[in-house]
Amino acid sequence: MLFLLTLHSIVRWLVILAAVAAIVKLVIGLIQKSDYDKMTRGLVSAFAGLMDTQLLLGLLFFVWSGMAGAGFPRHRWEHLVLMTVAVVVAHLPSMWKKAEPQTRLRNTLVAVAGSLVLVIIGVSMLQPNRWLVIFGL
């Protein structure tokens, strides 16, 4: 079970890294009024794929640790539901494949940033507050 939690913790940093890279690329694309190119598509797809992986790892940990004695307290359910919504939001860019490049870049930026905000809120729901632990407060 510790291995699963450790893997889940490592993948979160990959999710953040992919999100930041995608956001930077999307903002540059909007500023330069460029097309939605292969690199942008790859970064957004990597972000969504990592979000899927994170959800799967989290769901496995949720069930396994819950059955092993940690139980299923409310904050764990809230975290699971909010993170599932964040994954759905991360997949919204696939809806805009036929949109104009600037519209697609803008909408994808909103979806990736929105998903990242939901992740931050979801992590803060865990007990003890993970952001306080991460920053040593």
Once normalised by the length of segment 18-137, the mean sequence separation of its alpha carbon contacts under 8 Å that are 6 or more apart gives a contact order in percent of 33
Two pseudo-spin positions, 7 Å from Cα along C-beta at Leu4 and at Trp64, lie apart in nanometres by 0.4
Between (i) 14.4, 45; (ii) 13.8, 49; (iii) 16.3, 53, the structure-derived Rg and Dmax of the Cα atoms in Å is (iii)
Final fewest-first order of Met125, Met67 on the 10 Å Cβ neighbour count is Met67, Met125
For the chain, the longest principal axis of the Cα atoms and the Cα long axis of helix 2-32 enclose an angle in degrees, to the nearest 10, of 20
To the nearest 10 degrees, the tilt of helix 74-90 (Cα long axis) against the first principal axis of the alpha carbons of the chain is 20
Listed with the fewest Cβ neighbours within 10 Å leading, Thr40, Thr108, Thr6 appear as Thr6, Thr40, Thr108
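Read-outs: derived from the displayed coordinates by stated rules, not from any lab. Because the structure is a prediction, the values reported are computed rather than measured. A quick note on method: Cβ atoms are made from the backbone with ideal geometry, for glycine too, and the neighbour counts reach across all protein chains shown.
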